[in-house]
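Everything on this sheet refers to the single structure shown next.
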Amino acid sequence: IRALYGESFMIRDYLPKALPDDERLALPWWDAIGLRYLLTTQPMQHAGKRVGPELKGENGEFFVYERTSAMPRAWVVPSLRAVGDDAAVVRAAITKDFAPRNYALVTDDDARTIPPLPEVASASQRAVRFLFEDHKRLTLEVDDGPLGYLVLADTWLPGWTVTCDGEELPIAR
């Protein structure tokens, strides 16, 4: 958010209650973090498609917009794109060319921990389902298909591990 809108956008390290209605709302970064709905009391041009019933009252109108390009919480991509360090990842993620359905952004250091896979575009069509989740564990089921990289759009926490069919696999932030 700081890289996208600048330091002056923040209010004492907190986000303001509203996002500007400009072309930045259409960036693929919002898709990657799963921003599907925007709620507002003002009409917006860049928020997506207006959905739901008309909501009008004595205090004005309420608008619900849907960004239909939002990604699910977990998906598979056919490749990784290594771009240097954390700052480079942020810069690459907030460009209009970022393609979260096609690749996951990682640092050069993180990319070295993940074995390369043959890039098969159809890997991105593998469905991912959440089977179990609590405060310590998450179980996902990924459909069969070409090898790819599983992306989970959650906050990275130290101590995370990944296993597939009982085998521990490398993980990258």
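Residue under question is A104, and the condition is that it be open to solvent by less than 30 Å² (accessible area, probe 1.4 Å) and assigned to a helix (DSSP H, G or I); does it hold? So A104 fails the test. Number of residues in region 20-41 that are of a type outside the set (S, T, Y) and touching a strand residue (DSSP E or B) at 6+ places or on another chain (Cβ under 7 Å) equals 3.
Being of a type outside the set (S, T, Y), open to solvent by 50 Å² or more (accessible area, probe 1.4 Å), touching a residue at least 60 places away in the same chain (Cβ under 8 Å) and not in a loop (DSSP other than H, G, I, E, B) is a property that does not hold for R129. Of all residues in region 16-62, those being farther than 25 Å from D154 by Cα and touching a Gly at 6+ places or on another chain (Cβ under 7 Å) number 1. Might you check whether a residue that is at pLDDT 95 or above and within 24 Å of V106 (Cα to Cα) occurs anywhere in region 40-48? There is no residue in region 40-48 that is at pLDDT 95 or above and within 24 Å of V106 (Cα to Cα).
So, R91, is that one modelled with pLDDT of 95 or more, in contact with a helix residue (DSSP H, G or I) (Cβ under 8 Å, 6 or more places away or on another chain) and open to solvent by 70 Å² or more (accessible area, probe 1.4 Å) or not? So R91 passes the test. With respect to the conditions (1) within 22 Å of R36 (Cβ to Cβ); (2) open to solvent by less than 80 Å² (accessible area, probe 1.4 Å); (3) not acidic (D, E), L117 falls short on a single one, namely (1).
Scanning region 3-41 for residues that are outside any loop (DSSP other than H, G, I, E, B), open to solvent by 90 Å² or more (accessible area, probe 1.4 Å) and either in contact with a Phe, Trp or Tyr (Cβ under 8 Å, 6 or more places away or on another chain) or on the phi > 0 side of the Ramachandran plot (or both) turns up Y37, L39. Quick check: is even one residue across region 18-35 over 20 Å from M71 (Cβ atoms) and small (G, A, S)? Checking region 18-35: at least one residue is over 20 Å from M71 (Cβ atoms) and small (G, A, S).
When G145 is tested against (1) over 27 Å from L27 (Cβ atoms); (2) in a strand (DSSP E or B), exactly one condition is not met: (2).
Of all residues in region 45-85, those satisfying the criterion of being closer than 30 Å to Y149 by Cα, of a type in the set (D, E, K, R), open to solvent by 40 Å² or more (accessible area, probe 1.4 Å) and part of a loop (DSSP other than H, G, I, E, B) are R73, D85. Taking residues in region 132-143 that are within 16 Å of G166 (Cβ to Cβ), and partners anywhere that are assigned to a loop (DSSP other than H, G, I, E, B), the pairs with Cβ atoms closer than 6 Å and at least 6 places apart or on different chains are V142/R126.
Test A3 against the stated conditions and say whether it is at pLDDT 95 or above and either small (G, A, S) or more than 24 Å from R101 (Cα to Cα) (or both). No.
The values are calculated or read from the model by the stated rules, or taken from the named source; none is laboratory data. Keep in mind it's a predicted model, so treat the numbers as computed, not measured. Methodologically, a virtual Cβ is constructed for each residue, glycine included, from the backbone with ideal geometry; neighbour enumeration extends over all protein chains shown. Ligands, DNA and RNA are excluded from the accessible area calculation, which covers all protein heavy atoms including side chains. Shrake-Rupley method; radii C 1.70, N 1.55, O 1.52, S 1.80 Å.
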